[in-house]
Amino acid sequence: MLSQDYRILRAMDDKDRVYLAVGDDGSRCVLKRLSADSISMYERISELDAHEHLETVRELIGYEGSTVAVCEYIDGSTLSELINGGRSFPLAD
């Protein structure tokens, strides 16, 4: 059962798997349709305490035969956007 309903604002990828949404409470979130091999990883992340290097997984829901992760929305550029924009990341020594 959903803790709240979500309204999709826009797709965030070109494969229709990740969406920016807003919950009934007005907070933005990301809905991710998970592949079968990533479900267990998201289940584990959802059980962890908050950590600055991990997104918060609010809940996992079943929708139209798929599992969807409801994740916190973190405003900013994606790693793909940074790399495609010419940004480089030096390796640590």
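Since every read-out is calculated from the coordinates, none of them should be taken as a lab result. Note that the coordinates shown come from a computational prediction; the quantities given were computed from them, not determined experimentally. For neighbour counting, all protein chains shown are included, and Cβ atoms are generated from backbone atoms with ideal geometry for every residue, glycine included.
Only helical DSSP H runs with n ≥ 4 go in: add -39500 (n - 2.57) per run for the chain, normalise by residue count and round the 222 nm mean residue ellipticity to 500 deg cm²/dmol.
-4000 deg cm²/dmol
Region 24-70: which GluC sites (Glu not before Pro) are DSSP loop and have at most 10 other beta-carbon atoms within 10 angstrom?
Glu52, Glu64
Tell me the net charge near Ser66. Cut-off is 12 Å between Cβ atoms, Ser66 excluded, with +1 for each Lys or Arg and -1 for each Asp or Glu.
Summing Lys/Arg as +1 and Asp/Glu as -1 gives +1.
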